[in-house]
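The values are calculated or read from the model by the stated rules, or taken from the named source; none is laboratory data. Note that the structure is a prediction, hence the values are computed from the model and not measured. Virtual Cβ from ideal backbone geometry, glycine too; neighbours counted across all protein chains shown.
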Amino acid sequence: MPATATAPVRDGATAAEIVECYLVASMVPDPVTAARYLAADVKITFTGGRQMQHPREAAAFNAARYKWVKKKMERTDVVAGAHETIVYNLGQLYGQWPDGTPFEGNRYLDRFVVRDGKIVAMEVWNDSAEMILIRHGIKA
């Protein structure tokens, strides 16, 4: 189980622990705590190629897209490298659309690059855009 959002970043934390703690803080949302897990020059890329540099930008994006949203983390995969570790976290989003309609089963995949105990890059993919299109009667 991931640490609470207020837990400090501890020396020797594994890359998977760093990512899971970041995600828990992000879901509160607590951008200040989440930022403690990030390198100063982090590169965050959300769906649609949206570039961000701080968790408060991600929280603002999510606040505009959802009334609220949380992650049901199902799996964390780690690929260790010589100088960095790649961490994949996947599961399902659940929450409410801005009009209060609940949703669940929205697949997500987040890819992180962890170097020297900090997240240096994050890429986010999920099914929200597809679900929004369907809600508006647009079926591909």
* **Residue count, region 48-72 (criterion: hydrophobic (A, V, I, L, M, F, W, C) and either under 16 Å from residue 38 (Cα atoms) or in contact with a helix residue (DSSP H, G or I) (Cβ under 7 Å, 6 or more places away or on another chain) (or both))** => 4
* For residues that are closer than 20 Å to residue 26 by Cβ and of a type in the set (S, T, N, Q), scanning just region 95-121, find the one that is surrounded by the fewest Cβ atoms within 10 Å (Cβ to Cβ). => 96
* Asked: Somewhere in region 28-47, is a residue in contact with a helix residue (DSSP H, G or I) (Cβ under 8 Å, 6 or more places away or on another chain), within 19 Å of residue 111 (Cα to Cα), loosely packed, with under 15 Cβ neighbours inside 10 Å and at pLDDT below 95?
  -> no
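Suppose we filter 124, 87 for residues that are surrounded by 17 or more Cβ atoms within 10 Å (Cβ to Cβ), at pLDDT 95 or above, under 13 Å from residue 44 (Cα atoms) and in contact with a helix residue (DSSP H, G or I) (Cβ under 9 Å, 6 or more places away or on another chain); which single one remains? Step through it out loud before you land on a result.
Working: 87 fails: under 13 Å from residue 44 (Cα atoms).
Answer to the check: 124.
If you take the residues of region 112-140 that are under 25 Å from residue 33 (Cα atoms) and either of a type in the set (D, E, K, R) or part of a loop (DSSP other than H, G, I, E, B) (or both), which of them is farthest from the chain's Cα centre (by Cα)? Step through it out loud before you land on a result.
Going residue by residue through region 112-140, those that are under 25 Å from residue 33 (Cα atoms) are 112-126.
Of the ones still in play, those that are also either of a type in the set (D, E, K, R) or part of a loop (DSSP other than H, G, I, E, B) (or both) are 115-118, 123.
Values: 115: 17, 116: 20, 117: 17, 118: 15, 123: 8 Å.
Top of the filtered list is 116.
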* Is there any pair with a first residue in region 11-36 that is among the hydroxyl-bearing types (Ser, Thr, Tyr) and a second that is in a loop (DSSP other than H, G, I, E, B) whose Cβ atoms are under 6 Å apart and which are 6 or more apart or on different chains, and what are they? -> 22/37; 33/5
